[in-house]
Amino acid sequence: MEISAGIPPDEATRGGEGLTPELAGRLFRAGSKVVVLGDAILDVWLSGQCDRLCREAPAAPVVDVRQQAFAPGGAGNTAVNLAALGADVHMVTAVGDDLAGAMVLEELRGRNVRTDHVVVSENRATVSKRRVVAADQVLLRFDDGDRHDGDDGETARLLDALRVALDAADALVVCDYGNGVLGPRVRRALADLRPGLPLLVLDAHDVRRWRSVSPDVVTPNAAEAGAVLQVRLPQDSDARVEFLDRHREQLAEAAGADSVVVTLDRDGAVLLTGDQPVHRTWARPAPDNHTSGAGDTFTAALTVGLAGGLPVTTSVELAQAAADIVVHRPGTAVCTAAELEQRFGTFHDAAVGPEQLARIVAEHRSAGRRVVFTNGCFDVLHRGHVAYLNEAKRLGDVLIVAVNADESVHRLKGPDRPVNNVRDRASVLAALSCVDHVTVFDQDTPVELLRELRPDVYVKGGDYTPEMLSEAPVVRAYGGQVRALGYVPDHSTSAMIERIRSTVATGGTT
């Protein structure tokens, strides 16, 4: 794994490809400059009480509005989420010279988004989306505003503003939701500018329109990915992941992108990048009426991670954690850096004791869930670990990871290991969305845990075969399955630790 510039080697040693509160905090405080180009919308939430129907139209409810809330929507919501995660955000868009446009700008400025590069146009009516809410349910949404491409004058001003805003930028996020502003002339101009552009993240309803711009990452949702492939994706989550994996080249080619991250709402997200193994995240489901803007939050956190030098798999995990926070709130919500740091901090005491874990497994089993179990030292989490844990989770419904205690690692790996204590190792593992429960064991093998928990599937990663595993007879004796997954060589961890130690000693970064 590469250690990114800007993340100290000692912090990279602790986290590897996992996230710790310290690493997340440094990432958010780095203040990466991010330019957001796209459709800024005014979101309006009209909330009240509904206890009668309209006499003029008996099927229509009457809502007594008690509260109004305003928020930047569309690309504006992506911008405010970026700012809330510590980025230095510059908004580039066009709004009308009207009340809605003025309110969008006011809301953006109030949330630490720079609006120096926003074009105010007399030939445009700002798009607004008004939702009427009662008893936490959206009863009606009505939209207004212009969705046409800008005229020559507006487009020229927009592109001039973009060129100025991009000076010394770490990332450009393009948000194309079909609400005007981003027409063919803007796409052609960006294609011409592409060699000099920074990290380019695209969130668009139709990624094919931006193929000539060659984005680094695109973030379509399931329906948008299906439109690209001209099929309706399977409804079963595992089948969807497999289908997307099989069609990764077609998706990447259509978008002209290096990496494709398909968001699957309550089923998490799927990362497809080059020939790397598919990486899936698992979400904490929420009601559909609490999901407004969650995709914008996901894109914002993904961008902050990538701009800060995190590996793409870690950045996707960061994005999923941010989306999980906002989907449990009503309205157009924003995830802050402090909330994410706190979330990762909660994993510090993540390890579950054997007795409690046995009760948890019994509950899963009574609910008909398939339990998968694996174990290891996981001294510094690297991409091989992450890939095999991700694959292990896909073998069932619940993934339990048993971590060797410090004394056990010392016996197995030598006097200078572990580098990270068991509390840190467990917390980094627990922060992965594919891991459901973490426990610690003192023995050199987890045989006693396996006898107690009786998981449906026992998984090991590395150059093992089932016949080489001393645990295999125990698992087979109670009717469980034994699986050996992808090669996770120990020397990759050892080599990484030696490189980090060398880097620390010389005071450099790699």
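The values are calculated or read from the model by the stated rules, or taken from the named source; none is laboratory data. Predicted model, so just to flag it, every value in this text is computed and none were measured. Cβ sites come from the backbone with ideal geometry, for glycine too, and all protein chains shown count toward neighbours.
Here residue 300 meets each of (1) within 21 Å of residue 76 (Cβ to Cβ); (2) part of a strand (DSSP E or B); (3) of a type in the set (A, V, I, L, M, F, W, C) with one exception, condition (2).
Residues checked against (1) in a helix (DSSP H, G or I); (2) surrounded by fewer than 24 Cβ atoms within 10 Å (Cβ to Cβ); (3) of a type in the set (A, V, I, L, M, F, W, C):
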{"site": "340", "(1), (2), (3)": "yes, no, yes"}
{"site": "363", "(1), (2), (3)": "yes, yes, no"}
{"site": "378", "(1), (2), (3)": "no, no, yes"}
{"site": "381", "(1), (2), (3)": "no, no, yes"}
{"site": "384", "(1), (2), (3)": "yes, yes, no"}
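Taking the range 99-197 as the region of interest, the helices (runs of 4 or more DSSP H) fully inside it that hold 3 or more residues being under 19 Å from residue 81 (Cβ atoms) and modelled with pLDDT of 95 or more are 99-110.
Yes/no matrix, rows are residues, columns are (1) aliphatic (A, V, I, L, M); (2) free of Cβ contacts under 8 Å to residues at least 60 places away in the same chain; (3) within 27 Å of residue 322 (Cβ to Cβ):
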| position | (1), (2), (3) |
| --- | --- |
| 398 | yes, yes, yes |
| 406 | no, yes, no |
| 421 | no, yes, no |
| 438 | yes, no, yes |
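Reported count of residues in the range 131-166, each being within 26 Å of residue 89 (Cβ to Cβ), within 29 Å of the chain's Cα centre (by Cα) and crowded, with 17+ Cβ neighbours inside 10 Å, is 4. Scanning the range 42-72 for residues that are within 13 Å of residue 135 (Cα to Cα) and not in a strand (DSSP E or B) yields no hits at all. Residue 58 satisfies every condition listed in (1) at negative phi; (2) buried (at least 20 other Cβ atoms within 10 Å of the Cβ); (3) of a type outside the set (S, T, N, Q) except (2). Test residue 412 against the criterion of being buried (at least 19 other Cβ atoms within 10 Å of the Cβ) and part of a helix (DSSP H, G or I), and give yes or no. Considered against the rule, which asks whether it is buried (at least 19 other Cβ atoms within 10 Å of the Cβ) and part of a helix (DSSP H, G or I), residue 412 comes out as no. Are any residues in the range 424-453 out of contact with any helix residue (DSSP H, G or I) (no Cβ under 7 Å at 6 or more places or on another chain) and either of a type in the set (Val, Ile, Thr) or surrounded by fewer than 19 Cβ atoms within 10 Å (Cβ to Cβ) (or both), and if so, which ones? Selection gives 445, 448.
For the range 77-98, the set of residues classified as under 28 Å from residue 25 (Cα atoms), at pLDDT 95 or above and in contact with a strand residue (DSSP E or B) (Cβ under 8 Å, 6 or more places away or on another chain) consists of 78, 79, 80, 82, 83, 87, 88, 89, 90, 91, 92, listed by residue number. Return a yes/no flag: does the range 228-245 have any residue that is of a type in the set (Phe, Trp, Tyr), closer than 17 Å to residue 296 by Cα and not in a strand (DSSP E or B). For the range 228-245, residues of a type in the set (Phe, Trp, Tyr), closer than 17 Å to residue 296 by Cα and not in a strand (DSSP E or B): absent. For the range 198-213, a residue qualifies if it is assigned to a strand (DSSP E or B), touching a residue at least 40 places away in the same chain (Cβ under 8 Å) and among the small types (Gly, Ala, Ser), but none of them does.
Would you confirm whether any residue within the range 178-200 is under 21 Å from residue 265 (Cβ atoms), in the same structural domain as residue 93 (by TED's automatic domain parsing) and among the hydrophobic types (A, V, I, L, M, F, W, C)? No, that holds for no residue.
Restricting attention to the range 467-480 and to residues that are surrounded by 16 or more Cβ atoms within 10 Å (Cβ to Cβ) and within 22 Å of residue 377 (Cα to Cα), the residue that is modelled with the lowest pLDDT turns out to be 469. Considering 26, 52, the condition of being surrounded by fewer than 23 Cβ atoms within 10 Å (Cβ to Cβ), modelled with pLDDT under 90 and either closer than 30 Å to residue 137 by Cβ or assigned by TED's automatic domain parsing to the domain that holds residue 422 (or both) is satisfied by 52 alone.
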